[in-house]
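The values are calculated or read from the model by the stated rules, or taken from the named source; none is laboratory data. Model, not experiment: these values are computed from the prediction. Note that each Cβ is placed from the backbone with ideal geometry, even for glycine, and that neighbours are counted across all protein chains shown.
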Amino acid sequence: MTAQIISGTELAKTIRTGLADEAAKLKANGIEPGLAVILVGDDPASRSYVKGKQKACAEIGIHSFLYTYPATISEEELLAKIRGLNADPAVHGILVQLPLPDHIREWSVIETIAPEKDVDGFHPINVGKMVIGQPAFLPCTPHGVLMMVKSAGIDIVGKHVVVVGRSNIVGKPVGQLFLREHATVTYAHSKTPDLPAVTRQADILIVAVGKARIIGPEHVKPGAVVIDVGVNRLESGKLCGDVDFDTVKEVAGFMTPVPGGVGPMTITMLLHNTIEAARQLAAK
Ligand code: NDP
């Protein structure tokens, strides 16, 4: 058996075409969707993520405002900037690229972003609404994962989803989103003994760890859906996921590649949330 590949690149292209139409409609009504991006410090990976997000915004007709600050900026200065953007009517979404320098408290930054402009879906109000099933901005990577599974026509109801990883931005919320879709959800993490015994129970296995190829064929039930969120840079400079693609594809039923899998969908869901934020403002 060779797994069917779920291409994030292809799905992202289709969704972005629809979003570009939405952006054009908003513009025709006098509203240009606007995303403010704050970049602190000079981490090359963060800079490249921000560049990718800005390029994607430009392609579909979202105006992006970039604010860059040295790593020495104080927390208070950063919070003051965010408060200014909260009040700026040209800005519909605010994104602070993570990670931040150690002297800035991440939670304090996230909580300062107005929930209605929190297009990353990290604000506790949006997280809480997601958990209790109220309309909210959904976190981009977990939402992208859900869209990929749905796009492949995979039935989620009653399926056993195993999530490896329990971070606040990927693992925890992705499990919640699948719970909302009536899956039976299990979380595994670094303290889980006998990981393969747990992951082999999964009908849908979602891996968000950040360790190159830690999931091999011995972790996967034949025919399972395997979603690889991990992005790891090898010494060669090449990117790879948390799943050993070449061996797992012989066991899995469906798989996502890295690159070209969850990554493009994460950015697409950010664009989706920004358009939604602009639309909500237009409706006020
Ligand atoms: P974190 O480092 O915040 O979390 C990693 C999780 O993996 C933790 O819960 C940790 O457990 C768990 N873990 C670590 N080692 C093991 C192990 N040996 N066995 C089982 N679980 C383990 O990472 P993130 O959630 O932020 O990101 C995960 C990966 O996803 C990274 O590669 C990141 O680059 C990528 N990513 C990709 C995105 C995309 O768009 N494609 C977007 C966001 C992230 P514990 O809690 O016990 O420490």
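Quick look at the values:
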quantity	calculated
Where GLY84 falls short, out of the listed (1) over 20 Å from the mean Cα position of the chain (by Cα); (2) closer than 30 Å to VAL225 by Cβ; (3) surrounded by fewer than 14 Cβ atoms within 10 Å (Cβ to Cβ); (4) not β-branched (Val, Ile, Thr)	(2)
Test: residue in the stretch 73-86 that is farther than 16 Å from ALA278 by Cα, assigned to a strand (DSSP E or B) and touching a Lys or Arg at 6+ places or on another chain (Cβ under 7 Å)	no
Selection status of GLU116, surrounded by 13 or more Cβ atoms within 10 Å (Cβ to Cβ) and farther than 18 Å from ILE169 by Cβ	yes
Residues of the stretch 44-58 that turn out to be more than 25 Å from GLU276 (Cβ to Cβ) and surrounded by 16 or more Cβ atoms within 10 Å (Cβ to Cβ), as a count	0
Residues of the stretch 47-61 satisfying the condition of being within 18 Å of the chain's Cα centre (by Cα) and of a type in the set (Gly, Ala, Ser)	SER48, GLY52, ALA56
Output for the stretch 225-253, where each listed residue is over 25 Å from SER46 (Cβ atoms) and under 20 Å from the mean Cα position of the chain (by Cα)	VAL225, VAL226
Qualifying residues in the stretch 186-203 (those that are more than 12 Å from the ligand (Cβ to nearest atom) and within 16 Å of GLY216 (Cα to Cα)) - the one surrounded by the fewest Cβ atoms within 10 Å (Cβ to Cβ)	ALA197
Selection from the stretch 156-185 of residues that are under 20 Å from SER7 (Cβ atoms) and surrounded by fewer than 23 Cβ atoms within 10 Å (Cβ to Cβ)	ILE156
Hits in the stretch 211-232 - residues which are touching a helix residue (DSSP H, G or I) at 6+ places or on another chain (Cβ under 9 Å) and either more than 16 Å from the ligand (Cβ to nearest atom) or charged (D, E, K, R) (or both)	ARG213, PRO217, GLU218, LYS221, ALA224, VAL225, ASP228
Any chance ALA208 is among the aliphatic types (A, V, I, L, M), within 11 Å of the ligand (Cβ to nearest atom) and closer than 22 Å to PHE122 by Cβ	yes
Given (1) crowded, with 21+ Cβ neighbours inside 10 Å; (2) closer than 30 Å to ALA80 by Cβ; (3) within 14 Å of the ligand (Cβ to nearest atom), number of the condition PRO142 does not satisfy	(2)
Pick from the stretch 40-71, criterion among the small types (Gly, Ala, Ser) and under 21 Å from THR141 (Cα atoms), ranking: modelled with the lowest pLDDT	ALA45
The stretch 158-185, residues that are within 6 Å of the ligand (Cβ to nearest atom) and of a type outside the set (Lys, Arg)	VAL164, GLY165, SER167, ILE169, VAL170, GLY171
Residue list for the stretch 233-284, restricted to those being more than 14 Å from the ligand (Cβ to nearest atom), among the β-branched types (Val, Ile, Thr) and assigned to a helix (DSSP H, G or I)	THR247, VAL248, THR274, ILE275
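Residues checked against (1) within 26 Å of VAL164 (Cα to Cα); (2) small (Gly, Ala, Ser):
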position: LEU98; (1), (2): yes, no
position: TRP107; (1), (2): yes, no
position: GLU111; (1), (2): no, no
position: ALA114; (1), (2): no, yes
position: GLY121; (1), (2): yes, yes
position: ASN126; (1), (2): yes, no
position: LYS129; (1), (2): yes, no
position: LEU138; (1), (2): yes, no
position: PRO142; (1), (2): yes, no
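Each row is one residue, and each column tells you yes or no for (1) of a type in the set (Gly, Ala, Ser); (2) over 20 Å from the mean Cα position of the chain (by Cα).
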residue: GLY8; (1), (2): yes, no
residue: GLU22; (1), (2): no, yes
residue: HIS63; (1), (2): no, yes
residue: GLU75; (1), (2): no, yes
residue: PRO101; (1), (2): no, yes
residue: VAL109; (1), (2): no, no
